[in-house]
Amino acid sequence: MMKLTDLLRFLLIALLATVALTARAQLSIEITGAGANRFPVAVAVMEGESQLPRSVTEVVRGDLERSGLFSLVEMGPRPMSEAMPPDFAYLRTRGADAIAVGTVVPAQSGKYEVRVRLYDTRQEAQLDALTLTMTPAQYRATGHKIADVIYERITGLKGVFSTQIAYVVKSGGQYKLQIADSDGANPQTALASNEPIISPSWSPDGGRLAYVSFEAKKPVVYVHTLASGLRSVAANFKGSNSAPAWSPDGSRLAVVLTKDGLSQLYTVNPDGSGVTRLATSSSIDTEPAFSHDGQWIYFTSDRGGSPQIYRIATAGGRAERVTFEGSYNVTPRPSPDGQTMTYIARTGNGFQVAIMDVATRQFAVLTDTGRDESPSFAPNSRMILYATEIGGRGVLAAVSSDGRIKQRLSVQAADVREPAWGPLPR
Amino acid sequence: MMRPAPWIALLAAVLTWPAHAGLFDDAEARKEIIRIRDEHTARIEALEASSRASLQLANQIEAMKAEVAKLRGDVELMMHDMESVKKRQQDFYVDLDARLRKLETGGAGPSAQIDPAAESRDYESALNLLKGGKYAEAATAFDAFIAAYAGSSFLPSAHFWAGSAALQAKDIARATQHFNTVVNQWPQDARAPDALLGVANCQRAMGERRLEQNTLKAVISQYPDSAAAKSAKQRLGN
Amino acid sequence: MRYPLAASMLALALLAGCSSTPMSSDQGASVEDRSAGAGTIPTVRPDQPQGAGLAALRDPNNILSKRAIMFDYDSFTIRGQYMPLIEAHGRFLAANPQMKMLIQGSADERGSREYNLALGQKRSDAVKKALMLLGAKEGQIESVSLGEEKPQCTERTEACYAENRRGEMLYAGEF
C-alpha cells in the first residue's frame, strides 16, 4: 500500500512529466538555408521593456531572423528610446540599413503602451511608426505585429508573422489537429481522435477549418468553427468524401466524392447543402484547389494513365493539362498572388516540392528532401510550408518560393504532417 | 439466382418416404432424385462459369480503361510537344526575319523592332527643321533619329542631312564625322558623292585648302558621273 | 540556428481584452485580438462506435473468414487467386440479403495522401463490382477508402507495400 506522501510525490512527478511533455510538444523552428542577400537591420532593446515579464524585442528579432531575409545587427543590451532619433552615422558604421527603436510605458488597468519607430539609416528618415496597447501576456502577438510592419516596410510584401498554421500530429495511436502561431508557439488542439485526420483547409476568413476525419471508419468532410469547437458535416455521402478546398470568397467548398463511382470533383455549400458536380471523367479526379481569383480549379487526375495536374474553369468546360514532365505530379496549390503554383513532383530523388510559373509554365524543384507532401503557400506567396520526413519521422518544413530560404519545424517524438498555412488575420 | 428451396423440399419428401408409401415406387423416386441433382449441379456450374466470365470481362474492361488512359496520356503529350514545336518554330522564324531585315538594311546595330510610321514621321520632322533653317535643332533631331532607328534604311540620308545641318550650324567636327560615316559605310549609296563633297566643304570651312582640293579630286575620280563631280570640277576650275 | 521556443500554453487565453490604438492609421498596425473565443480552442473528441461481431463469419475453416484481396502495383483488377474468395462472399451476400458490407480500400504510403485515398477507393470499387456480378445487391455494399492512413504493414519494403494495396471486406458489426 502506497503511503500518502509517496502518492503525493508520485502525483507531483507525474504532473511535472506532463508539463515537460507539453513543452516539448511545441513546434521548434530551425533555419537550414538562408537568402544570399540578407537585409541588415537593427532592433534595439525597447526602453522600459524590463517592466514586462517577457521580452517583445526578442520576439521581433526571432521573427526577422527566422524569415531568412534579414541579418540582425548586434546592438547590445542598452535600450534605445523611441522618443529620440537614433545616431544614424554610428548605425551606418555598424552596417545597419534600418533600425527599430521602441518604448514601453505603463497604461491604465495593467496594460502597457508600446511605441515603435522604424528608420532608414541611409536616408536618415522615418519609415514607419506605430503604437500598440498590450497586456503583458500579449508580448508575442505584439512582437509579431511589429515584425510584420518592419517586414512589409523593407520587403514590400505582407508580413506573415501574425498568421497561424494548422497541422496534424500523430503520436501513438492518437491524431491531433492542431493550430499554432506561424512560429510554432501556442499550439492548441482543435480535434483529438483515435482515427486519422487529413487535408485541413482554412476558410478564407481564418475562422473555420474544413478537413477529412476517419472517425466514422470512412472519410467524411467536416467544417469546424475554431472559436466554438462546433463541427458540421459538409459531405458524408455513400463512399468516400475528401479533399476539401474553399472558394476564395468562402461561399463554396470543392470536395471529392465517390457517390457516383470513381473519385470525382463536386462543390458544396459549407453546411453540406447544394451539391453540384463540377466535372465528369472516367478516371480519378482529386485534390481540387481554387486559383486566387476563383476562375480556375486545379486538380490531380490520372485520366492520362499517370497522375498529372489539370485545370478546369470554375464555370465549366474542358480540362486542360498543366504538367507534362515526369510521371507523377500531384497536389496543385495555386499561389495567393496568382503568379505561381506549387505541387509535388516525383523526381529522381523521390517526391519533391516544385513550383511552376503559371504564365510561362516554367518549373523548378525547390527542396532537397525526398518524401515531400502537402505544400501550402503563406498568404504573401513568399514561403511554402510542406510535410516531409527526416530520420523516419514526419516533420514540417518551409521553403521560399525561390528555393533559397529553408526552415524546419519539428515536434519531439511525434509525427507531424498535413500542414496548412492560415490566411492573414483580418 | 439459385434457390435451393425446391430440391430441399423434395429431398425432405424423399427422406420421409415411408410415410407416403405408394406415391412413387422406389426406383422411380431414386431416378427422379438423380435427375434433379444432376440438373442442379449443371445449373450451378453454368452459373459459376457465367459469373467467372463476367468477372473476367470486368477485369478486361478495367485493363482496357487503363490502356485507353495511357493512350490518352500519349496523345496529351504529343499535342503538347506539337504546340511547343510550333511555338519554337515561330520563334525561330521571328528571329530569322529580324536578322534578315538587319542584313537587308545593312545596319550593324541592334535589330530592334522598327515602327515604320514613327520612323518616317521622325525623319520628316528632322528634315523640316533643316528646311526651316533651324540647323542646330535639325542636327540634334537627326542625331536622335540615328540613335533610335539603328536599323533604318534612311540611315545614310539621315547622316548626310545631320552633316549638312551641323555644317550650317558651324559644328564642323560633327559635320565631318557624319559625312565620313556616309562615305565609309555606304560608299555605293546615292548620297555618298554629295557626302564626300560635304567633307570638302568642311575642309574649306576650316581653311584647309589643300585637303579640300584633294577631296574634290576624289569626288571626281570616285563618282565621275555624279552631279557632285560636276560641281567639284567647277570648283577646281575656279 | 535553433530556437527552442518556450511553451506558453496560457498565453492565448490571456489574450482576451487586448486593444490597440494605431499611430499611423493607414498601417492598421494593431495587435491582433483573435477574439476572446479563439483564445481557447476547445478540443473535440468524437465518439467511437462499437459493433457486435458475427460468429458465423469468424470460423477460420470457412473461406468466408478471409476478407482481404491484394492488388498489384498500379492495378485495379482482381487476380485469379482471389476468385474463390470473391465468389464465396458474393454468394453469401446474395443468399443473405439482410447482410450489409463495408469494403475498405487501401494504398501503399508512397505519394500524395489524397491521391492514395482515390487509389484505395478504386480498389474497393473493384471488389464491390465483382461482388455485385456474383449477385450481391448495390444497397448491401458500401465501398470506401482508407488511403494510406491505416496500413497493415509499416515497413518500407516492396512486400509491405504489396500487403497495403488491398481491399478489406467487413460485415455490419465488424466496423
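Which residue pairs have Cβ atoms closer than 7 Å, lie 6 or more positions apart in sequence or on different chains, and pair a first residue in the stretch A:151-180 that is within 10 Å of another protein chain (Cβ to nearest Cβ) and over 27 Å from C:ARG45 (Cβ atoms) with a second residue that is among the aliphatic types (A, V, I, L, M) and part of a strand (DSSP E or B)? If the second residue must be among the aliphatic types (A, V, I, L, M) and part of a strand (DSSP E or B), the pairs left are A:ARG153/A:LEU118; A:ARG153/A:LEU127. If the condition is being hydrophobic (A, V, I, L, M, F, W, C) and at pLDDT 95 or above, then the stretch C:144-153 contributes C:VAL144, C:LEU146. For A:THR276, the criteria (1) polar (S, T, N, Q); (2) within 7 Å of another protein chain (Cβ to nearest Cβ); (3) without any contact (Cβ under 8 Å) to a residue 12 or more places away in the chain hold in every case but one, which is (2). Taking A:ALA227, is it over 24 Å from A:ALA289 (Cβ atoms) and in contact with a Gly (Cβ under 6 Å, 6 or more places away or on another chain)? Judged against the criteria, A:ALA227 is a match. The strands (runs of 3 or more DSSP E) falling completely within the stretch A:61-147 that include 3 or more residues that are surrounded by fewer than 24 Cβ atoms within 10 Å (Cβ to Cβ) and within 13 Å of another protein chain (Cβ to nearest Cβ) map to A:112-120, A:125-134.
Selection of the stretch B:116-157 for residues being acidic (Asp, Glu), under 26 Å from B:GLN188 (Cα atoms) and free of Cβ contacts under 8 Å to residues at least 24 places away in the same chain yields B:GLU124, B:ASP143. Looking at A:THR314, A:THR331, just one residue is assigned by TED's automatic domain parsing to the domain that holds A:MET383, surrounded by fewer than 24 Cβ atoms within 10 Å (Cβ to Cβ) and β-branched (Val, Ile, Thr), and that residue is A:THR314.
Quick one: how many residues across the stretch A:40-60 are of a type in the set (Val, Ile, Thr) and in a helix (DSSP H, G or I)? Quick ask: steps written out before the conclusion?
First, the residues of the stretch A:40-60 that are of a type in the set (Val, Ile, Thr): A:41, A:43, A:45, A:56-57, A:59-60.
Within this subset, residues satisfying the condition of being in a helix (DSSP H, G or I) are A:56-57, A:59-60.
Total satisfying the criteria: 4.
Scanning the stretch A:210-242 for residues that are touching a residue at least 24 places away in the same chain (Cβ under 8 Å), within 10 Å of chain C (Cβ to nearest Cβ) and aliphatic (A, V, I, L, M) yields A:VAL212, A:LEU226. Quick check, is A:ALA420 closer than 20 Å to A:VAL160 by Cβ, touching a Phe, Trp or Tyr at 6+ places or on another chain (Cβ under 9 Å), in a strand (DSSP E or B) and at pLDDT below 95? Here the answer is no, as A:ALA420 does not meet what is asked.
Return the residue satisfying two criteria in turn: it lies in the stretch B:83-109 and is in a helix (DSSP H, G or I) and more than 13 Å from the chain's Cα centre (by Cα), and of such residues it is nearest to the other protein chains (Cβ to nearest Cβ). Before the answer, list the steps.
Residues of the stretch B:83-109 in a helix (DSSP H, G or I): B:83-104.
Now drop any that are not more than 13 Å from the chain's Cα centre (by Cα), which leaves B:99-104.
Details: B:ARG99: 24, B:LEU100: 27, B:ARG101: 27, B:LYS102: 27, B:LEU103: 31, B:GLU104: 32 Å.
Applying the filter and picking the extreme gives B:ARG99.
This table checks each residue for (1) crowded, with 24+ Cβ neighbours inside 10 Å; (2) of a type in the set (A, V, I, L, M).
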{"site": "A:LYS176", "(1), (2)": "no, no"}
{"site": "A:GLU195", "(1), (2)": "no, no"}
{"site": "A:TYR211", "(1), (2)": "yes, no"}
{"site": "A:VAL221", "(1), (2)": "yes, yes"}
{"site": "A:GLY229", "(1), (2)": "no, no"}
{"site": "A:SER251", "(1), (2)": "no, no"}
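Against the list (1) farther than 26 Å from C:LEU119 by Cα; (2) within 14 Å of chain C (Cβ to nearest Cβ), the condition A:VAL353 fails is (1).
Filtered by the rule that a residue be surrounded by 15 or more Cβ atoms within 10 Å (Cβ to Cβ), of a type outside the set (Asp, Glu) and at pLDDT 90 or above, the stretch C:154-175 gives C:CYS160, C:TYR161, C:ALA162, C:ASN164, C:ARG165, C:ARG166, C:GLY167, C:MET169, C:LEU170, C:TYR171.
Among the residues that make up the stretch A:163-185, is at least one of them in a loop (DSSP other than H, G, I, E, B) and modelled with pLDDT of 95 or more? Give the derivation first.
Restricting attention to the stretch A:163-185, the residues satisfying the condition of being in a loop (DSSP other than H, G, I, E, B) are A:163, A:172-173, A:182-185.
Applying the additional criterion that residues be modelled with pLDDT of 95 or more yields A:163.
Yes: one or more hits.
When C:GLU114 is tested against (1) in contact with a strand residue (DSSP E or B) (Cβ under 9 Å, 6 or more places away or on another chain); (2) farther than 22 Å from A:GLN308 by Cβ; (3) of a type in the set (Asp, Glu); (4) without any contact (Cβ under 8 Å) to a residue 40 or more places away in the chain, only condition (2) is not met.
Screening B:LYS65 with (1) closer than 30 Å to C:LEU134 by Cβ; (2) at pLDDT below 85; (3) surrounded by 10 or more Cβ atoms within 10 Å (Cβ to Cβ) gives one miss only, at (2).
Within the group C:ALA107, C:ALA136, C:ALA95, C:ALA130, which residue is free of Cβ contacts under 8 Å to residues at least 60 places away in the same chain, touching a helix residue (DSSP H, G or I) at 6+ places or on another chain (Cβ under 6 Å) and farther than 30 Å from A:GLN308 by Cα? Spell out the reasoning first.
Numbers: C:ALA107 fails: farther than 30 Å from A:GLN308 by Cα; C:ALA95 fails: touching a helix residue (DSSP H, G or I) at 6+ places or on another chain (Cβ under 6 Å); C:ALA130 fails: farther than 30 Å from A:GLN308 by Cα.
Selected residue: C:ALA136, the only one of C:ALA107, C:ALA136, C:ALA95, C:ALA130 that is free of Cβ contacts under 8 Å to residues at least 60 places away in the same chain, touching a helix residue (DSSP H, G or I) at 6+ places or on another chain (Cβ under 6 Å) and farther than 30 Å from A:GLN308 by Cα.
The values are calculated or read from the model by the stated rules, or taken from the named source; none is laboratory data. None of the values given here were measured: they were computed from a predicted structure. Cβ sites come from the backbone with ideal geometry, for glycine too, and all protein chains shown count toward neighbours.
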